[in-house]
Amino acid sequence: MQAKQEAEFQEFVRARWSHLVRTAYLLTGDVHHAEDLTQTALAKAYRSWRRVSRSDRPDAYVRRILVSCNSDRFRKRRVTEALTAAPPEVAGRDEAVSWADERSTLLAALAGLPPKQRAVIVMRYWEDLSEAEVAETLGCSPGTVKSQASKALAKLRTHPGLAQVADEPVRSRVSSRQGGSK
Amino acid sequence: MNEEQKQQVTGTSGDFEEQMRELLAEDANTIRPAPVPYPAIRRRGTIERRRRVAAAGATLVVLAAMPVGAYALADRDAGRNTVASTPSGATPRTSATPTPTPSASPAGPARPATEHQLLDGITFEQAVDGLKKCLAYDQSHTSGADSRPDLGAAKDYRIILAMNSTGDSNAPGDGMFVVAVKEQPRQTRLICNIKDGEAAGLSTSVGSDDVPGAGPVMADINGGKLYQQSILDRGNWKLPFRWGVIGTVEPSVARVTVSYGGATSQAALDHGWFVASGVLNQQVTLAPRIKGYDADSKLVYDSDKDKYYEKRLP
């Protein structure tokens, strides 16, 4: 790879790493899996970086690889892993866990969704992608995205923990909205 | 519960979607990803690229060598990978990372499976020298009446790891660790510590550590000195801290990852051993978490679920 492309790739990775790991965390429910998955996706992007960097949206390309790698992970495993819904422990960090119950509930609820529905929820409501963009990421039609989202939300609404959360007023908090039209 | 009551409980569709956004953002922002492991990403990407190029090249070679009449057979098999011997750079028993390195000459210890097991600028020659010094030290302090096993000569060993060692209150002074293993006449593992060019310590493990019912991955139970500092320095480690984790794997294991201090490293697999390393920039309380995967990427071992594995540091 030419030095210029190498530098571009490095800059891309450093800028996007944290966000991609967070997306992968929401897809997998486990921070270790998330980092593994993100490394895998970025390694695949490196392989094709000459082509990726020429596209208008390298972000979208890498996101597609991330989702695809996660799907492969589900397809290949024969034994169901216990996806932890508990917040991961991060060594050396002293942070008050003020909404631990709701966080565990959300991850547990997401873990109960089929992989595709979970991916749709994460892409729509964390990555803030439009239905068309989600369709492109998952390699399906916008109609499928719409129906998968509808099924996923219906299932999440009936989750006992989330129904309780839905009763409480929306708190102001840091959110990570990404660019992209709806 | 009727529809009206459900609406009252869950709010409008738009409200619930907005709350999903908020909750997802909260969850995502609770984690602090480890520093970006750019060298590991680049290394894996290079392997991926070489694998693809090698597969393409080997396919061309295979097709070029086939007689004309066999083309129909090749086409039919194309979807099932006609490449019989794609050089992948890794097999389940050896390195899962970069291209394996050749063994040393018969006169010296064998080299590690990958050059990335020689860390911190330590050369193979320096590691060999360290190993020889430790064995010489052991020989000079062994009497005829001593029941300790003869550790043999350096040439009998394979060096699987060489890295910086960090001094602590129990053993002051920085230096170098050299980890070497051999299988005959008995499985032996040495962790040799060199300081100021002299042997400063030698940890020896002779015989298998296999425990009945243990999994396909087993961390070296006496390898703690490679990844933690003295208990006397608890809460006050000298940083940055180079750590290493070693252990054994069954042939069915194709990949091992080690997560420590918020970062995940992919281990090298070396003739039945796994070797991982990294650098800590903060104090930790949890032991490294080790995971093993088979060739189908199925998780076959998780140290968090291993009753024999101590998950917290002392």
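Brief remarks follow.
- Filter pass, A:Asp72 being modelled with pLDDT of 50 or more, facing chain B (nearest Cβ under 9 Å) and either exposed (fewer than 13 other Cβ atoms within 10 Å of the Cβ) or assigned to a loop (DSSP other than H, G, I, E, B) (or both): no
- In the range B:265-305, the residues that are part of a strand (DSSP E or B), within 11 Å of chain A (Cβ to nearest Cβ) and within 16 Å of B:Arg242 (Cβ to Cβ): B:Ser265, B:Leu280
- Taking the range B:1-16 as the range and being exposed (fewer than 15 other Cβ atoms within 10 Å of the Cβ) and either at the interface with another protein chain (Cβ under 7 Å from one of its Cβ atoms) or modelled with pLDDT of 85 or more (or both) as the test, only B:Val9 passes.
- Residues in the range B:132-155 that are among the hydrophobic types (A, V, I, L, M, F, W, C), part of a loop (DSSP other than H, G, I, E, B) and at pLDDT 65 or above: B:Leu151, B:Ala153.
Per-residue answers, yes or no, for (1) within 24 Å of B:Leu286 (Cβ to Cβ); (2) at pLDDT 90 or above:
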site: B:Val179; (1), (2): yes, yes
site: B:Gln184; (1), (2): no, no
site: B:Ile194; (1), (2): no, yes
site: B:Ile231; (1), (2): yes, no
site: B:Gly244; (1), (2): yes, yes
site: B:Thr248; (1), (2): yes, yes
site: B:Arg255; (1), (2): yes, yes
site: B:Val258; (1), (2): yes, yes
site: B:Trp273; (1), (2): yes, yes
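- A:Pro87 being at pLDDT below 75 and in contact with a helix residue (DSSP H, G or I) (Cβ under 7 Å, 6 or more places away or on another chain): yes
The values are calculated or read from the model by the stated rules, or taken from the named source; none is laboratory data. Since we're looking at a predicted model, the values are computed, not measured. Heads up, the Cβs are rebuilt from the backbone with ideal geometry, glycines too, and the neighbour counts pull from every protein chain shown.
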